[in-house]
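The values are calculated or read from the model by the stated rules, or taken from the named source; none is laboratory data. The structure displayed is predicted, hence computed values, not measured ones. Reconstructed Cβ throughout: ideal geometry from the backbone, glycine too, with neighbour counts over all protein chains shown. All accessible areas refer to the heavy atoms of the entire protein, side chains included, with ligands and DNA or RNA removed. Shrake-Rupley method; radii C 1.70, N 1.55, O 1.52, S 1.80 Å.
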Amino acid sequence: MIKYPKVNYIGNKEKVSKWICDNLPIKNGTVLDLFCGGCSLSFELKKRNYKIISNDILYSNYSLAKAIIENNKEKLILDITEDKLKKYFDEEIYKNIRWMENNLYFDYEVKELSMLINYSKNMKKYKKYIFLSLLRRAMIRKIPYSRMNIKWEEIVKLRDEEYSYLKYKRRRAYHNKNFLYHILDNIENYNNSIFNNKKQNKAYQTDALKLLKNIKENIDLIYIDTPYPSTMNKYNEFYGAFDKMMGKEKEYINYAGKHQFLKYMKEIIKISKNKIKYAVISLNNKSNPTAEDIREVLKNEVIEIEILNKNHVYQITGKENKKTNYEILIICKLKE
């Protein structure tokens, strides 16, 4: 059965992807997922036989898009054990990533990471991206709260299984499994997400405005899901350590900054309106600027705007906040 894999990505659209796709103003064609993140919307689009162009400035997200969106058929088979992995230890790689010691992981875990990075260098094309996506998920799985900006003291405390049990009634033993365990445990899950929708899907890792200005493909709809302004949206802090570890960091524009968000939304629409029929923007009711602010700033750039909403429970909110959150979809018909 084709199924979206376990990604562990804050802000993921997996629970609302069907609702979003059901409400798109086109039922076929090419969609540019401009800030693809954990690729759940791109994945649902692929299942519905759209042609997808996925883009994200984070290398970890680009790797995932290469692995499960652009890739139509390659799957990953691993013949590796802890003993076999030891021969891939590389002193230079280890030295370059030691900044993670007593910061995100223990020293022996950073050594294992150096082996896994070296091991990945022998892989080709999509197999490599599947492996890197599995590695990224393993790294996240070992950190409490699934984000890489947790203080080391908190990581150590919550990885203590007895402490975790006393405080939360859960030992969370998975935090203390090695990276290879998590990779092998999830490889089937990732392989099951790979399928051919008979389209030439494409993945990019570039700035959103730069991509819009230079892209050659004919696009019918652009989907815009930036980190939500004025919410917990520091995705480079959450996951950027993976990019740094791999030496794949790129400079980026903060599209989600409260005071520049509307300016960038207007600029994206201005660039898009002469070559794309529709723009669909995802937002949350806790965002500031709001959906009505977007309507106001775009009123002279679009033919019409429709705003939809749906109740949506966010994993990272408290019990009371969960009841007050809803997802917003802003559907814009662009001027030609």
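Applying the condition of being of a type outside the set (Lys, Arg) and in a loop (DSSP other than H, G, I, E, B) to segment 15-33 and asking which residue is nearest to residue 240 (Cα to Cα) yields 16. When restricted to residues that are crowded, with 21+ Cβ neighbours inside 10 Å and either of a type in the set (S, T, N, Q) or modelled with pLDDT under 95 (or both), segment 215-227 contains 2.
For segment 277-292, filtered to residues that are open to solvent by 30 Å² or more (accessible area, probe 1.4 Å) and within 26 Å of the chain's Cα centre (by Cα), the residue that is farthest from residue 23 (Cα to Cα) is 288. Pairs linking a residue in segment 150-173 that is free of Cβ contacts under 8 Å to residues at least 24 places away in the same chain to a residue that is outside any loop (DSSP other than H, G, I, E, B) and aromatic (Phe, Trp, Tyr), with Cβ atoms under 9 Å and 6 or more positions apart or on different chains, are 154/145; 157/163; 158/145; 158/168; 171/165.
For segment 6-13, does any single residue satisfy the condition of being outside any strand (DSSP E or B), open to solvent by less than 10 Å² (accessible area, probe 1.4 Å), at pLDDT 95 or above and on the phi < 0 side of the Ramachandran plot? Yes; the residues of segment 6-13 include at least one that is outside any strand (DSSP E or B), open to solvent by less than 10 Å² (accessible area, probe 1.4 Å), at pLDDT 95 or above and on the phi < 0 side of the Ramachandran plot. For residue 233, are the conditions met, namely being of a type outside the set (A, V, I, L, M, F, W, C), out of contact with any strand residue (DSSP E or B) (no Cβ under 7 Å at 6 or more places or on another chain) and farther than 23 Å from residue 252 by Cα? No.
Just to check your reading of the model, which residue among 233, 218, 274 is touching an Asp or Glu at 6+ places or on another chain (Cβ under 9 Å) and either of a type in the set (S, T, N, Q) or without any contact (Cβ under 8 Å) to a residue 12 or more places away in the chain (or both)?
274
For residue 274, the requirement of being under 25 Å from residue 57 (Cβ atoms), over 23 Å from the mean Cα position of the chain (by Cα) and open to solvent by 60 Å² or more (accessible area, probe 1.4 Å) is met.
For segment 12-56, a tally of residues being more than 28 Å from residue 214 (Cα to Cα) and in contact with a helix residue (DSSP H, G or I) (Cβ under 8 Å, 6 or more places away or on another chain) returns 2.
Taking segment 34-134 as the region of interest, the helices (runs of 4 or more DSSP H) fully inside it that hold 2 or more residues being under 19 Å from residue 240 (Cβ atoms) and in contact (Cβ under 8 Å) with a residue 40 or more places away in the chain are 59-65, 107-120. All of (1) part of a helix (DSSP H, G or I); (2) farther than 30 Å from residue 302 by Cβ; (3) at pLDDT 95 or above hold for residue 212 with one exception: (2). Among the residues of segment 149-187, the one identified as of a type in the set (Asp, Glu), exposed (fewer than 12 other Cβ atoms within 10 Å of the Cβ) and at pLDDT below 95 is 162.
Picking from residues in segment 196-213 that are more than 19 Å from the chain's Cα centre (by Cα) and under 22 Å from residue 66 (Cβ atoms), the one that is most open to solvent (accessible area, probe 1.4 Å) is 198.
For segment 235-249, the set of residues classified as exposed (fewer than 15 other Cβ atoms within 10 Å of the Cβ) and either small (Gly, Ala, Ser) or outside any helix (DSSP H, G or I) (or both) consists of 247 only.
For segment 70-129, the tally of residues that are exposed (fewer than 13 other Cβ atoms within 10 Å of the Cβ) and closer than 30 Å to residue 45 by Cβ stands at 4.
Looking only at segment 14-35, residues that are open to solvent by less than 10 Å² (accessible area, probe 1.4 Å) and within 14 Å of the chain's Cα centre (by Cα) come to 3 in all.
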